[in-house]
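For reference, the structure discussed in these notes is given below.
The values are calculated or read from the model by the stated rules, or taken from the named source; none is laboratory data. These numbers were taken from a predicted model, which means no experiment stands behind them. Methodologically, a virtual Cβ is constructed for each residue, glycine included, from the backbone with ideal geometry; neighbour enumeration extends over all protein chains shown.
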Amino acid sequence: MIRKQKQLLNTVAGCLVALSLVPATATAANGDTLKAVQDRGSLLCSGHNGSFPPFVQVTDDNKWSGYDIDYCRAMAVAVFGTDEKLKVVPISWAQRFPSLQSGDVDIIIKATGWTMGRDTELGIQFSRPYFVGATNVMMPKELGSTSPDTLEGGSLCANAGTSTERLAANFFKSRGIEIEMITFEKSEETREAYFAGRCDSLVGWGPNLAVTRQAAENPDDHVMMDVALALEPESAAMRQGDDNWVDIANWMFAATWIAEANGITSENVDEHKANPADSTVEKLLGVTPGIGERLGLSDDWAYNVIKQVGNSAEIFDNNIGADSVYKLDRGLNALWSDGGVIVPMILD
């Protein structure tokens with residue numbers, strides 16, 4: 001009996017030692033991601049193994065930039081008060097979810113579509129969509145209209161065997177518009193065929209089309225069709241089982257939306273903090289306490305995000321829209337009050 005008790009005690013002791021050696025990332029996978037990130041002293045956010053403009057890219061001076069990178073910065077600022085604690089981890093599309101599951105990254109902000117399979121089968125949770133990706137058609141401006149009817153009897157360049165090819169075929173067929181599909185195996189061939197005039201239009205994901213348009217000899221000669229073929233919600237992905245971490249991501253995005261809705265920018269945020277217009281602005285900027293304690297953050301976290309990164313309009317315009325080389329219309333990614341689908345949550 002005594003021998004068995006000793007064996008049991010040794011087994012328990014061994015388990016306790018083993019548990020003490022479990023890395024912080026594994027602990028984060030089971031819950032308290034915020035604590036693991038704070039203990040490490042850095043936020044590990046997804047990058048790309050190369051460039052994926054306008055979402056993730058490396059500048060000439062070897063710094064990360066892009067729409068998704070700015071939201072990685074915002075997440076780091078929310079947690080630490082500065083983006084200097086951000087570590088961008090370059091990963092491929094295929095590496096995204098294994099890297100999250102293993103703890104190599106704390107959050108994926110990388111043009112990731114929210115699908116049921118990913119949500120229910122991979123052990124991950126999604127934030128509210130922060131970007132709506134539209135599959136669209138680019139066409140020469142000289143056609144005189146951006147209506148789908150303009151392409152009647154014309155031709156469309158598409159990547160062979162892709163969802164965009166299928167979406168385009170179904171879209172035009174459902175509207176009774178006759179159009180010839182010309183397909184290519186490689187994306188480079190598809191783009192080159194369009195610019196060479198082998199087809200009248202080009203189908204693709206909206207942001208990618210914006211990048212393609214910028215590569216044209218005269219980008220202004222090309223316009224987007226006024227109707228999207230399909231939409232995909234892009235969301236941040238996190239490990240399953242840590243609701244507080246998901247809350248932090250959701251309210252980080254929401255802070256940029258609420259700021260825009262109230263006319264608060266990185267340039268005037270100090271004025272609004274000194275003279276808040278209403279209770280929402282007071283709470284957002286930490287004038288009255290509460291916005292931090294609920295999430296385990298400081299009460300000035302949203303103020304810091306807006307001051308250092310900007311509101312949602314600034315982040316979009318700087319990377320994708322009017323103030324960028326891509327000049328992509330904000331469209332559905334505008335706030336609901338401006339004709340988009342982005343609806344800020346209520347800050348009570």
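Pick from Lys327, Lys273, Lys307: which is in contact (Cβ under 8 Å) with a residue 24 or more places away in the chain, surrounded by fewer than 18 Cβ atoms within 10 Å (Cβ to Cβ) and among the basic types (Lys, Arg)? Working first, answer last.
Details: Lys273 fails: surrounded by fewer than 18 Cβ atoms within 10 Å (Cβ to Cβ); Lys307 fails: surrounded by fewer than 18 Cβ atoms within 10 Å (Cβ to Cβ).
Checking each option against the conditions leaves just Lys327.
Quick check, is Trp93 outside the structural domain of Pro219 (by TED's automatic domain parsing), in contact with a strand residue (DSSP E or B) (Cβ under 6 Å, 6 or more places away or on another chain) and among the aromatic types (Phe, Trp, Tyr)?
Numbers: outside the structural domain of Pro219 (by TED's automatic domain parsing): yes; in contact with a strand residue (DSSP E or B) (Cβ under 6 Å, 6 or more places away or on another chain): no; among the aromatic types (Phe, Trp, Tyr): yes.
So Trp93 fails the test.
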Looking at the range 100-123 only, could you name the residues that are in a loop (DSSP other than H, G, I, E, B) and hydrophobic (A, V, I, L, M, F, W, C)? Val105, Ile109, Ala111, Trp114, Leu122
Taking the conditions exactly as written (in the same structural domain as Thr112 (by TED's automatic domain parsing) and out of contact with any Phe, Trp or Tyr (no Cβ under 6 Å at 6 or more places or on another chain)), does Ala215 satisfy them or not? no
Go through the range 124-158 and report how many residues are out of contact with any strand residue (DSSP E or B) (no Cβ under 7 Å at 6 or more places or on another chain) and either aliphatic (A, V, I, L, M) or within 20 Å of Ile248 (Cβ to Cβ) (or both). 3
Among the residues of the range 97-113, the number that are more than 12 Å from Gly123 (Cα to Cα) and surrounded by fewer than 17 Cβ atoms within 10 Å (Cβ to Cβ) is 2
Kindly provide the set of residues from the range 46-87 that are in contact (Cβ under 8 Å) with a residue 60 or more places away in the chain and acidic (Asp, Glu), ordered by number. Asp70, Asp83
Which members of the range 282-307 meet the condition of being within 16 Å of Leu34 (Cα to Cα), part of a loop (DSSP other than H, G, I, E, B) and not aliphatic (A, V, I, L, M)? Gly292, Glu293, Arg294, Gly296, Ser298, Asp299
Filter the range 250-280 for residues that are in a helix (DSSP H, G or I) and over 25 Å from the mean Cα position of the chain (by Cα); the one that is farthest from Arg73 (Cα to Cα) is Ser279
